[in-house]
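Peer 1: Here it is, the structure in full.
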Amino acid sequence: MKRDEWKTLGWGAGLLVVAALLPLTGDGYLISLGVTIAMYTVLATSWALFSGPTHYISLATAAFFGVGTYVTGSGIEVLPYWLLLPIAAVVGGVLAALVGLATLRLSGVYFVIFTLGLAEMTRQAVTWYQNQTGHKGTYVLTDFTDNDIYWQLLGLAALVYLVGWAIGRSRLGFALRIIGDDEDVARHVGINTALSKVALFIVSGAVAAVVGAIIAPRYVYIEPSTAFTPMLSFQVVIMALLGGTGRLWGPLVGVIPFTLLWEAISSSFPNQTTLLLGLSFLAIVYLLPGGFVGLYDRLKGRAAKRSALA
Amino acid sequence: MDIVITGLILGGTYALIALGLNLQYGVSRIMNLANGEMLVIGAFTAFTLFTVAQVSPLLTIFIVAPVAYVLNWLIYRIMLRPLVNRAKNRGMLEQDAILTTFGLSFVMVGIMLWAFGGDYFSYSYLSRPVVIFGDNFGLNRVVAFLCAAILCAGLYLWLNVSRAGMAIRAVAVSPEHARLVGIDVPKLSARAFALGGAVTAVGGAVISTFLTLDASTGVMFTMKALIIVIMGGVGDVRGTILAALVLGVGETMVATLIDPGLTLAAAYALFILILLFRPQGFFGRKPT
């Protein structure tokens, strides 16, 4: 590792420790906000791991997340909790693999459309299954507090950052960057483009499912309409793109302001959240292509040019 | 038999909506994810005019079509043209277009929720039964189907016979080469986008005579239309109509035989089969 990388690692570890101290404030609202931010950070970062380099927009987050909550929901009575998280990861990964194998050989549009409906389809299937078997929702009763959930999510976030960093250095990460630049070139230099994309999609699907599994105790009562909210997928996309997918830390920069804005709008104008989502999408495309990361890079580039001239 | 006819009737109206989307995607190369909202706007207009002034939905079409045409033309010129010019390749344009039209769809839903609230709306128009092959069907559904069939046939003929239709097909096949034979591609793209939007909005007015809708149902129709377009093949009118009928029948079958809550799952099952076995559409040729 180079010196720069040690420095980044040090910064990351420091920030993680500071973030982990949040529950010590004892402020319930702050901690609950922390859980939300931690949850979206993990979701958006893992989303960007796949969608950043490949430019495929995945809207399947809600599906993976929902599947994860249901793993906890249906397993909590029979299995120890710590076993449920890896199970959720495997289930999410398998689902991602199936979706990926069916769609990632094709162009981006097919993928978007497919993932757009995936959450809704799983919701319909789960609802149907529950109607058949006669029970409506599931209770998840644990003695976890918001603090426990928060620390688990932080741990997961650290893991996701490490995985993302490792992928960035690996052959797989290099291959994905080439695919993102030009898929034809990638194919010609001998990269198995479909396999690389599916591999990364599995990572992002598994992580989203684990997040769902961790969050489930917070909901206490799970039903299909809360577990598979399509809004979740869109929020994750916006946060990640707002921050910028060019860097590993990009999504985090988008998650914090957007979560605060979302909380503010949904508490004072609960009916206008849809409008907010729409306007954010438009703002990202027209005003902030590349997100905050892109803006930061442009400003830095301009400053560098100016100092070179002086 | 009952299922097949109900399915075909539903599929007929789907065909109209999907044709609108296919024009937009096949010719202007914009995957318009706000398509379903255009449909809901058409339906809202028909509903409002019917309840306020008792205007027949079949007449409303003549108001909805030009208004939707102008609206979509403006959307293309103001919002999408800059993206087309900015994009370095097709993939970039696709990503930008997806994000923009998503944003647009949410904005439209937001405005409609704000203006009309989230209630379901429906009205009773021609809800008398008619007998076909010994079974009862709602007259409104049959009329809607006939209406859709006439419009689809008209569009098909216009695209295949007229000079303007030929130009549009040329752009659909290859925008680069269409330019070489003197076709004004940017102008035609804007027109095709506007026309597609108008067709979808008319579909919405027609569908509102027998379906109950609310401000946020648009996305369901967008999804179905997208699945139909991909099944039928991008830019292929015959394929779109066939795919719409297949989807209509398949959905009705699942809804009546298994569970009405599984219609989307049925559409998806069809979609997966198509993606796995014929990703180029029913009549499409394999890309070389």
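The values are calculated or read from the model by the stated rules, or taken from the named source; none is laboratory data. Computed from a prediction, not measured in an experiment: that's the story for all the values here. Cβ atoms come from the backbone with ideal geometry, glycine included; neighbour counts cover every protein chain shown.
Peer 1: Does B:Gly110 satisfy the criteria of being within 12 Å of another protein chain (Cβ to nearest Cβ), assigned to a helix (DSSP H, G or I), surrounded by fewer than 24 Cβ atoms within 10 Å (Cβ to Cβ) and on the phi < 0 side of the Ramachandran plot? Give the derivation first.
Peer 2: Numbers: within 12 Å of another protein chain (Cβ to nearest Cβ): yes; assigned to a helix (DSSP H, G or I): yes; surrounded by fewer than 24 Cβ atoms within 10 Å (Cβ to Cβ): yes; on the phi < 0 side of the Ramachandran plot: yes.
Here the answer is yes, as B:Gly110 does meet what is asked.
Peer 1: State whether one or more residues within region A:97-105 are assigned to a helix (DSSP H, G or I), away from chain B (no Cβ under 11 Å) and either in contact with a Cys (Cβ under 9 Å, 6 or more places away or on another chain) or at pLDDT 90 or above (or both).
Peer 2: Pass one, region A:97-105, residues assigned to a helix (DSSP H, G or I): A:97-103.
Narrowing further to those that are away from chain B (no Cβ under 11 Å): A:97, A:100.
Subsequent filtering for residues that are either in contact with a Cys (Cβ under 9 Å, 6 or more places away or on another chain) or at pLDDT 90 or above (or both) retains A:97.
The answer is yes, given that some residue of region A:97-105 is assigned to a helix (DSSP H, G or I), away from chain B (no Cβ under 11 Å) and either in contact with a Cys (Cβ under 9 Å, 6 or more places away or on another chain) or at pLDDT 90 or above (or both).
Peer 1: So which residues in region A:235-274 are at pLDDT 85 or above, within 11 Å of another protein chain (Cβ to nearest Cβ) and touching a Phe, Trp or Tyr at 6+ places or on another chain (Cβ under 8 Å)?
Peer 2: A:Val237, A:Ile238
Peer 1: Scan region A:74-95 and give yes if some residue there is closer than 25 Å to A:Gly173 by Cα, crowded, with 24+ Cβ neighbours inside 10 Å, of a type in the set (Gly, Ala, Ser) and modelled with pLDDT of 85 or more, otherwise no.
Peer 2: The first filter runs over region A:74-95 and keeps only residues closer than 25 Å to A:Gly173 by Cα, leaving A:86, A:88-95.
Narrowing the set further to residues that are crowded, with 24+ Cβ neighbours inside 10 Å leaves A:88, A:92.
So of that shortlist, the ones also of a type in the set (Gly, Ala, Ser) come out as A:88, A:92.
This time we only want the ones that are modelled with pLDDT of 85 or more, so: A:88, A:92.
The answer is yes; a qualifying residue exists.
Yes/no matrix, rows are residues, columns are (1) surrounded by fewer than 24 Cβ atoms within 10 Å (Cβ to Cβ); (2) among the charged types (D, E, K, R):
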site	(1), (2)
B:Tyr25	no, no
B:Val40	no, no
B:Phe44	yes, no
B:Thr51	yes, no
B:Ile61	yes, no
B:Leu71	yes, no
B:Leu74	yes, no
B:Ile78	yes, no
B:Arg81	yes, yes
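Peer 1: Is at least one residue of region A:39-58 more than 16 Å from the chain's Cα centre (by Cα), within 30 Å of A:Asp181 (Cβ to Cβ), at the interface with chain B (Cβ under 10 Å from one of its Cβ atoms) and surrounded by fewer than 22 Cβ atoms within 10 Å (Cβ to Cβ)?
Peer 2: Going through region A:39-58, the residues more than 16 Å from the chain's Cα centre (by Cα) turn out to be none.
No; the residues of region A:39-58 include none that is more than 16 Å from the chain's Cα centre (by Cα), within 30 Å of A:Asp181 (Cβ to Cβ), at the interface with chain B (Cβ under 10 Å from one of its Cβ atoms) and surrounded by fewer than 22 Cβ atoms within 10 Å (Cβ to Cβ).
Peer 1: A further question on this structure: For a quick check of your reading: which helices (runs of 4 or more DSSP H) sit entirely within region B:138-200 and have at least 3 residues that are among the hydrophobic types (A, V, I, L, M, F, W, C), within 22 Å of B:Val70 (Cα to Cα) and modelled with pLDDT under 80?
Peer 2: none
Peer 1: A follow-up question, please. Checking the structure you have, find out if any residue of region B:174-183 is away from every other protein chain (no Cβ under 14 Å) and among the acidic types (Asp, Glu). Let's see the steps before the verdict.
Peer 2: Our first condition is that a residue be away from every other protein chain (no Cβ under 14 Å); within region B:174-183, this holds for B:174-183.
Those left that are additionally among the acidic types (Asp, Glu): B:176.
Yes, region B:174-183 has at least one match.
Peer 1: Enumerate the pairs (first residue in region A:253-276 and free of Cβ contacts under 8 Å to residues at least 40 places away in the same chain; second residue anywhere and assigned to a helix (DSSP H, G or I) and of a type in the set (Gly, Ala, Ser)) with beta-carbon separation below 6 Å, excluding pairs fewer than 6 apart on the same chain, so at least 6 apart or on different chains.
Peer 2: Going by the 6 Å Cβ cut-off, the qualifying pairs are A:Thr274/B:Gly110; A:Leu275/B:Gly110.
Peer 1: A follow-up question, please. Kindly evaluate A:Leu299 against the criterion of being assigned to a helix (DSSP H, G or I) and either over 27 Å from B:Ile78 (Cα atoms) or out of contact with any His (no Cβ under 8 Å at 6 or more places or on another chain) (or both). Outline the logic, then answer.
Peer 2: Numbers: assigned to a helix (DSSP H, G or I): yes; either over 27 Å from B:Ile78 (Cα atoms) or out of contact with any His (no Cβ under 8 Å at 6 or more places or on another chain) (or both): yes.
Yes; evaluated as a whole, the condition is true for this residue.
Peer 1: Name the single residue that is surrounded by the most Cβ atoms within 10 Å (Cβ to Cβ) among those in region A:129-177 being at pLDDT below 80 and of a type in the set (A, V, I, L, M).
Peer 2: A:Val140
Peer 1: Can you name the residue in region B:201-220 that is within 12 Å of chain A (Cβ to nearest Cβ) and crowded, with 24+ Cβ neighbours inside 10 Å and is also modelled with the highest pLDDT among such residues?
Peer 2: Looking at residues that are within 12 Å of chain A (Cβ to nearest Cβ) and crowded, with 24+ Cβ neighbours inside 10 Å, I get B:Gly218.
Peer 1: Please tell me if A:Leu43 is within 15 Å of A:Val236 (Cα to Cα) and part of a loop (DSSP other than H, G, I, E, B). Talk me through it step by step, then tell me what you get.
Peer 2: Details: within 15 Å of A:Val236 (Cα to Cα): yes; part of a loop (DSSP other than H, G, I, E, B): no.
Against the criterion (within 15 Å of A:Val236 (Cα to Cα) and part of a loop (DSSP other than H, G, I, E, B)), A:Leu43 does not qualify.
Peer 1: May I pose another question? In region A:106-116, what count of residues is obtained for those that are facing chain B (nearest Cβ under 9 Å) and either under 17 Å from A:Gly180 (Cβ atoms) or modelled with pLDDT of 85 or more (or both)?
Peer 2: Residues of region A:106-116 that are facing chain B (nearest Cβ under 9 Å), as a first pass: A:106-110, A:112-114, A:116.
Now drop any that are not either under 17 Å from A:Gly180 (Cβ atoms) or modelled with pLDDT of 85 or more (or both), which leaves A:106-109, A:112.
Residues in region A:106-116 being facing chain B (nearest Cβ under 9 Å) and either under 17 Å from A:Gly180 (Cβ atoms) or modelled with pLDDT of 85 or more (or both): 5 in total.
Peer 1: Within region A:178-189, how many residues are surrounded by 14 or more Cβ atoms within 10 Å (Cβ to Cβ) and away from chain B (no Cβ under 12 Å)?
Peer 2: Going through region A:178-189 one residue at a time, the tally reaches 3.
Peer 1: For A:Tyr70, all conditions in the list (1) touching a strand residue (DSSP E or B) at 6+ places or on another chain (Cβ under 6 Å); (2) within 15 Å of A:Ala208 (Cβ to Cβ) hold save one; what is the number of the exception?
Peer 2: The failed condition is (1).
Peer 1: Within region B:244-275, how many residues turn out to be more than 14 Å from chain A (Cβ to nearest Cβ) and closer than 22 Å to A:Thr115 by Cβ?
Peer 2: Pass one, region B:244-275, residues more than 14 Å from chain A (Cβ to nearest Cβ): B:244-246, B:248-250, B:252-253, B:256.
Going one step further and asking which of them are closer than 22 Å to A:Thr115 by Cβ, we end up with B:250.
Within region B:244-275, residues that are more than 14 Å from chain A (Cβ to nearest Cβ) and closer than 22 Å to A:Thr115 by Cβ number 1.
Peer 1: Now, a different point. Is one or more of the residues making up region B:222-235 surrounded by fewer than 19 Cβ atoms within 10 Å (Cβ to Cβ) and not polar (S, T, N, Q)?
Peer 2: Scanning region B:222-235, I find no residue that is surrounded by fewer than 19 Cβ atoms within 10 Å (Cβ to Cβ) and not polar (S, T, N, Q), so the answer is no.
Peer 1: Go over the candidates B:Pro82, B:Pro66 one by one and state the one that is part of a helix (DSSP H, G or I) and touching a residue at least 60 places away in the same chain (Cβ under 8 Å).
Peer 2: On the way: B:Pro82 fails: touching a residue at least 60 places away in the same chain (Cβ under 8 Å).
Exactly one residue qualifies, and that residue is B:Pro66.
Peer 1: From the residues in region A:221-234 that are within 11 Å of chain B (Cβ to nearest Cβ) and closer than 15 Å to A:Leu59 by Cα, which one is surrounded by the most Cβ atoms within 10 Å (Cβ to Cβ)? Give the derivation first.
Peer 2: Restricting attention to region A:221-234, the residues satisfying the condition of being within 11 Å of chain B (Cβ to nearest Cβ) are A:224, A:230-231, A:233-234.
Subset that is closer than 15 Å to A:Leu59 by Cα: A:230-231, A:233-234.
Working: A:Pro230: 19, A:Met231: 14, A:Ser233: 26, A:Phe234: 22.
Among those residues, the one meeting the criterion is A:Ser233.
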